[in-house]
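J.: Just passing along the structure, written as structure tokens.
Read the figures in this text as sums done on the coordinates, not as results from a lab. Because the structure is predicted, anything quoted here is derived from the model rather than measured.
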């Protein structure tokens with residue numbers, strides 16, 4: 001209708017203009033790394049606390 005570029009074309013142009021990630025770098029966005037690590041730590045600590053609570057209650 002307006003003869004503009006599609007969203008896919010705009011995204012492709014934006015990504016083509018970005019530099020490639022350095023070797024060994026997986027997170028190009030700092031907060032994404034923070035959120036990922038927070039979720040992993042939260043899940044592990046939650047499981048450990050749940051295990052300790054069940055052990056204290058005597059549930060086998």
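J.: The chain: D in µm²/s via Stokes-Einstein (Kirkwood Rh, Cα pairs, 20 °C, 1.002 mPa s)? Walk me through the numbers before you get to the answer.
T.: Details: Rh = 16.1 Å.
Approximately 133 µm²/s, per Stokes-Einstein.
J.: Separate question: Please compute the length gained on full extension between residue 39 and residue 20, using 0.36 nm multiplied by the number of residues separating them and subtracting their Cα-Cα distance.
T.: Values: separation 19, 0.36 × 19 = 6.84 nm, distance 2.67 nm.
Length gained, residue 39 through residue 20: 4.2 nm.
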